[in-house]
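Let me begin by presenting the structure, written as structure tokens, before commenting on it.
The values are calculated or read from the model by the stated rules, or taken from the named source; none is laboratory data. Treat the numbers as computed from the prediction; the structure is a model and nothing was measured. Here Cβ is always computed from backbone atoms with ideal geometry, including for glycine, and neighbour counts include all displayed protein chains. Just so you know, the surface numbers come from the protein's heavy atoms only, side chains and all, with ligands and any DNA or RNA stripped out. Shrake-Rupley method; radii C 1.70, N 1.55, O 1.52, S 1.80 Å.
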Amino acid sequence: MQVIAHRGGAALRVENTLAAFEHAIELGADGAELDVHLTRDGQVVVHHDDALNPGYCRGNDGAWIDAAARPRIADLDFATLQGYDISTPRPGSDYARHHPRIEPEPGQRIPGLVDVIRLAKARSSTFQLVIEIKTPIDAAAQQPWRALVGATLQIVRAEAFLERAVLCSFDWSALVAAKRACPSLATWFTTDPMSWFEPGQPPPEDDPPPAAELQLLRSQYQSGNGPWLAGYDARGPAGSYPEAIARAGGDAWFIYDRDCTAERVRAAAQHHIAVATWGPNVQNRDDLARIARTGVAAVCLDDPTTALDARPSS
């Protein structure tokens with residue numbers, strides 16, 4: 001079972017920083033997941049949100065950015081982004097409370113994708129990068145991922161990193177397009193928590209979207225016309241996620257950890273695709289053991305040491 005450091009290991013270093021990715025390599029993780037966006041001048045940068053995160057972003061003057069007026073990455077050029085420091089959680093912020101074990105690393109700036117790839121190549125001959133194409137699901141019908149996918153593929157090819165790169169996304173159309181452009185590139189088709197599409201209110205731990213957005217997503221899903229599913233019908237009675245992913249040419253189902261069961265892993269295997277898990281719910285060895293018993297190929301964790309420490313010593 002591969003161990004992937006979510007956002008570089010977000011429980012241990014500020015997420016999506018070069019320090020986080022370097023630490024994940026030092027720990028012995030098999031790879032890291034990261035998120036990409038396009039700047040105003042067309043650079044592919046690594047950051048989770050489409051706007052700067054007030055939980056750890058501040059200007060060169062030391063002032064934390066205003067949470068009510070967060071600069072959008074698409075509105076800034078790369079040089080401007082380098083003026084923001086992302087070395088440490090903001091004291092008293094939700095981010096700091098949710099990640100109390102982060103060790104600050106001075107001098108961290110929002111990296112370009114090329115910087116992360118070059119770090120991985122310099123420090124390891126095997127370390128993989130699971131690159132998430134970040135675009136808004138509620139705008140999936142407009143295919144906002146087009147420029148980002150093209151720029152990402154250009155970098156991965158130019159850096160000769162195809163064999164160690166994986167593309168993932170909640171917007172399957174982005175992955176279908178990437179696979180057509182580059183058939184050898186591995187793609188992991190990500191799914192939201194299944195409770196979002198079931199009757200009743202999803203539990204808080206599944207982090208559901210606001211009510212109006214959730215209602216829209218549910219209605220689109222139930223109609224079999226969810227634009228983020230690239231035209232594939234993943235509803236139980238009419239098909240399945242593994243069948244839809246296989247038909248779309250995917251290599252793996254990137255499933256929310258609470259949704260992962262041995263039955264679903266077996267169903268994926270019947271369609272010749274692997275399963276990897278994402279999510280914040282694997283916190284200890286008992287949680288990890290449950291996931292491992294399902295037969296998954298990989299786990300993506302905020303704290304990769306949860307799984308790395310459980311590996312047999314060589």
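With the Kirkwood sum run over all distinct C-alpha pairs, the range 39-99 has a hydrodynamic radius of 11.9 Å. Calculated on the Cα set of the range 197-263, radius of gyration then Dmax: 12.8, 33 Å.
Working note: Karplus 6.51/-1.76/1.60 with θ = phi - 60° gives the range 304-313 the couplings x, 5, 3, 8, 5, 5, 8, 6, x, 6 Hz, where Gly and Pro are set to x. Relative intensity of the range 158-293 on a log10 scale, I(q)/I(0) at q = 0.11, 0.18, 0.21 Å⁻¹, equals -0.42, -1.09, -1.36, per a Debye sum over C-alpha point scatterers of equal strength in the absence of solvent. Average accessible surface for the range 80-168: 48 Å² per residue, computed with a 1.4 Å probe over protein heavy atoms with every protein chain in place. Relative contact order of the chain: 19 percent, from C-alpha pairs under 8 Å at least 6 residues apart in sequence.
Shape analysis of the range 93-143 based on the Cα gyration tensor places the equivalent ellipsoid semi-axes at 25, 23, 11 Å, largest first. Each 10 Å bin from zero holds the following percent of Cα-Cα pairs in the range 1-146: 12, 41, 36, 11, 0. Each of the peptides 61-69, 293-301, 216-224, 97-105 was scored by the mean count of other Cβ atoms within 10 Å over its residues; in descending order, highest first, they stand as 293-301, 216-224, 97-105, 61-69. Computed from phi, the 3J(HN,Hα) profile of the range 39-55 under the Karplus parametrisation 6.51, -1.76, 1.60 (θ = phi - 60°) reads 7, 4, 9, x, 8, 8, 10, 9, 6, 6, 7, 7, 10, 4, 7, x, x Hz, with x in place of Gly and Pro. Hydrodynamic estimate: the Kirkwood radius of the chain over Cα pairs, inserted into Stokes-Einstein at 4 °C and 1.567 mPa s, corresponds to D of 65 µm²/s.
Only helices enter this figure: runs of n ≥ 4 DSSP H residues, each worth -39500 (n - 2.57), summed and divided by the residues of the chain, yield -8500 deg cm²/dmol at 222 nm to the nearest 500. For the range 244-314, the Cα-based Rg and Dmax, in that order, read 12.5, 39 Å.
Annotation for the range 98-129 versus the range 45-67: alpha-carbon center distance of 17 Å.
A cut-off under 9 angstrom between Cβ atoms defines the neighbours of residue 224, and their net charge, with Lys, Arg +1 and Asp, Glu -1, is 0. A straight chain from residue 292 to residue 63 at 0.36 nm per residue would run longer than the Cα-Cα distance by 78.1 nm.
Evaluating 6.51 cos²θ - 1.76 cosθ + 1.60 at θ = phi - 60° for every residue in the range 63-69, the Karplus couplings come out as 7, 5, 5, 7, 4, 8, 9 Hz, glycine and proline recorded as x.
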